[in-house]
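I have placed the structure first, in the form of structure tokens, so that the comments after it can refer back to it.
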Amino acid sequence: MDLQHGLRTALALTFLMATGGLQAQNAPKPTAPAVEETKSPNANATLEAAAPVDPKGYKLGPEDVIGVKVWREPELSGQFVVRPDGKITLPLSGDMLVEGKTLDAVKDEITKAFGEQLNRPEVTVSLLRVGSKKYYLVGEVNRTGMFPLIVPITVLEAINAAGGLREFANKKKIVILRGSQRIKFNYDEVMKGKKLEQNIFIENGDQVFVP
């Protein structure tokens, strides 16, 4: 009996050691701590190019939509479309001319206007939609139509932002129609770093035609 008991004990210990080793092999390995990615000094260049409208530089025009928020005064807050006459209509204060003014300047005027009714109102003004400044892409571009002109953008950037050129586009005979002007643009040359002076900045109302 003692011999059989000893054998059973030895077998049990062997089984436990084997299964324990197997569990140790299958146990999840500790992961190394995450290393924070370092960015080059120019890593934010793309973000800056697509930054929101600068309240100190952008000037409002007809069809722009602004948001006005007055702290603790929801009935005075809302969205306002700049009318063709360049004005918006505010609760309590009535019509206000905003065309040609920056967001900061409009904020100051609204704060002053509401200050006649409220005690030290806290006002924020933001641009919700650009409608007054736009350009157009037509022809052999992957995405044609009207585009808001929010930040400075070159012809090449505008084409690339629209998905680039289609397969059979004539890359050498692109034309920017600006009023009575016809400005030529050779996509291939600019992509090769040649005659970069033709990669001009888009202006309000420009039409980029790709044959």
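The values are calculated or read from the model by the stated rules, or taken from the named source; none is laboratory data. Just so you know, these numbers come straight off a predicted model, no measurement behind them. Reconstructed Cβ throughout: ideal geometry from the backbone, glycine too, with neighbour counts over all protein chains shown.
Please verify whether segment 150-172 includes one or more residues that are at pLDDT 95 or above, surrounded by 14 or more Cβ atoms within 10 Å (Cβ to Cβ) and either basic (Lys, Arg) or not assigned by TED's automatic domain parsing to the domain that holds Glu189 (or both). Checking segment 150-172: at least one residue is at pLDDT 95 or above, surrounded by 14 or more Cβ atoms within 10 Å (Cβ to Cβ) and either basic (Lys, Arg) or not assigned by TED's automatic domain parsing to the domain that holds Glu189 (or both).
Scanning segment 82-111 for residues that are out of contact with any Leu (no Cβ under 9 Å at 6 or more places or on another chain) and within 17 Å of Arg129 (Cβ to Cβ) gives Arg83, Pro84. Each residue in segment 48-64 was checked for being at pLDDT 80 or above, assigned to a loop (DSSP other than H, G, I, E, B) and of a type outside the set (Gly, Ala, Ser), and 5 pass. Do you know which residues across segment 119-146 are hydrophobic (A, V, I, L, M, F, W, C) and modelled with pLDDT under 95? The answer is Leu127, Leu128, Val130. On the stretch given as segment 79-95, residues that are surrounded by 14 or more Cβ atoms within 10 Å (Cβ to Cβ) and under 15 Å from Val65 (Cβ atoms) total 8.
Among the residues of segment 136-194, just one is assigned to a loop (DSSP other than H, G, I, E, B) and of a type in the set (Phe, Trp, Tyr), namely Phe168.
Screening Ala113 on (1) under 13 Å from Leu127 (Cα atoms); (2) at pLDDT 95 or above; (3) outside any strand (DSSP E or B); (4) among the hydrophobic types (A, V, I, L, M, F, W, C) shows it passes everything except condition (1). Comparison of Asp95, Asp108, Asp85 shows that the only residue that is in a loop (DSSP other than H, G, I, E, B) and of a type outside the set (Gly, Ala, Ser) is Asp85. If you go through segment 93-123 and keep only what is more than 15 Å from Leu76 (Cα to Cα) and of a type in the set (Ser, Thr, Tyr), you end up with just Thr102.
For segment 179-201, the condition of being closer than 29 Å to Ile66 by Cβ, without any contact (Cβ under 8 Å) to a residue 60 or more places away in the chain and surrounded by 17 or more Cβ atoms within 10 Å (Cβ to Cβ) holds for none of the residues.
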